[in-house]
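**Q** Quick one: structure below, then a few questions.
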Amino acid sequence: MENFFQISLFEDSLPAVSNAASTNDGKKSQKFLRSKTLPDNLPEFRVIRSARRKRSISALRQNGVIEIHIPDRMSRKDELAVIPEMIEIVLRREAKSRSSDEVLALMASELLALYLPDFHERPSSIGWRNMRERWGSCTTSDRTIRISLRLNGAPYYVVGCVLFHELIHLRVPGHGRDFQEYLDRYPDKERAESFLEGFEAGLSAAPELLPTP
């Protein structure tokens, strides 16, 4: 899900835009800023300068990376001041829109009742986790289920499909015939899988940031 925020720069709210021209050295300058000046615990971000922008900046999360769009003539000093502020704004907006672990637990109860009424297995805990390689996971030994934070804010039928997948693993550890028969009970399976394929393709196409030395 994309989170967007845009404001105008005014002297009484954020640092003023410098009148001096600024060269756009792209990822090289971003690498320097992250490693030498900005806090190390900031999420992944990229700064994009635009000659068309005069006094406005915007920030949004695109394919997992926060993009901060600024005027090309903004000074490096002002850029340094704006980056943490805009990241914080995006994170606050995302926190407000995210569903909680309790919502996942309620969704799981509904899915079990609707599509797996013959299951006596129940998860011991369900929660959002920072997972980059999987959409979800289930540990059968302790019956814990984790759903990737990347899906927090995705359509209900998509999160439901991933959660349903993990609920089946409470009984069936593999992905054989029995598993597929259970998974076919989910009415929006094909629609959700198409969404996830497109989402994954978008993440793979996103340009990578330069590594911090």
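**Q** Look at I68 and say whether it is farther than 24 Å from T144 by Cβ and free of Cβ contacts under 8 Å to residues at least 24 places away in the same chain.
**A** On the way: farther than 24 Å from T144 by Cβ: yes; free of Cβ contacts under 8 Å to residues at least 24 places away in the same chain: yes.
When the stated conditions are applied, I68 passes them.
**Q** Testing E181 on (1) within 29 Å of R61 (Cβ to Cβ); (2) free of Cβ contacts under 8 Å to residues at least 24 places away in the same chain; (3) surrounded by fewer than 16 Cβ atoms within 10 Å (Cβ to Cβ), one condition comes back false. Which one is that?
**A** The single condition E181 does not satisfy is (1).
**Q** Please go through the stretch 104-144 and give me each residue that is of a type outside the set (S, T, N, Q), closer than 14 Å to R171 by Cβ and in contact with a His (Cβ under 8 Å, 6 or more places away or on another chain), ordered by number.
**A** Of everything in the stretch 104-144, just one residue is of a type outside the set (S, T, N, Q), closer than 14 Å to R171 by Cβ and in contact with a His (Cβ under 8 Å, 6 or more places away or on another chain), namely C138.
**Q** Which one of these does L149 not meet: (1) touching a residue at least 12 places away in the same chain (Cβ under 8 Å); (2) more than 30 Å from N63 (Cα to Cα)?
**A** (2)
**Q** Anything in the stretch 53-100 that is touching a Leu at 6+ places or on another chain (Cβ under 9 Å), modelled with pLDDT of 85 or more and small (G, A, S)? List them, or say none.
**A** Passing the criteria: S56, A81.
**Q** On to the next question. Can you pull out the residues in the stretch 176-203 that are assigned to a helix (DSSP H, G or I) and acidic (D, E)? It would help to see each step written out before you state the result.
**A** Step one: list which residues in the stretch 176-203 are assigned to a helix (DSSP H, G or I), which gives 177-183, 189-203.
D178, E181, E190, E193, E197, E200, listed by residue number.
The values are calculated or read from the model by the stated rules, or taken from the named source; none is laboratory data. Given the structure is predicted, the values throughout are model-derived calculations rather than measurements. Quick reminder, even Gly has a Cβ in these numbers, built from the backbone with ideal geometry, and neighbours come from all protein chains shown.
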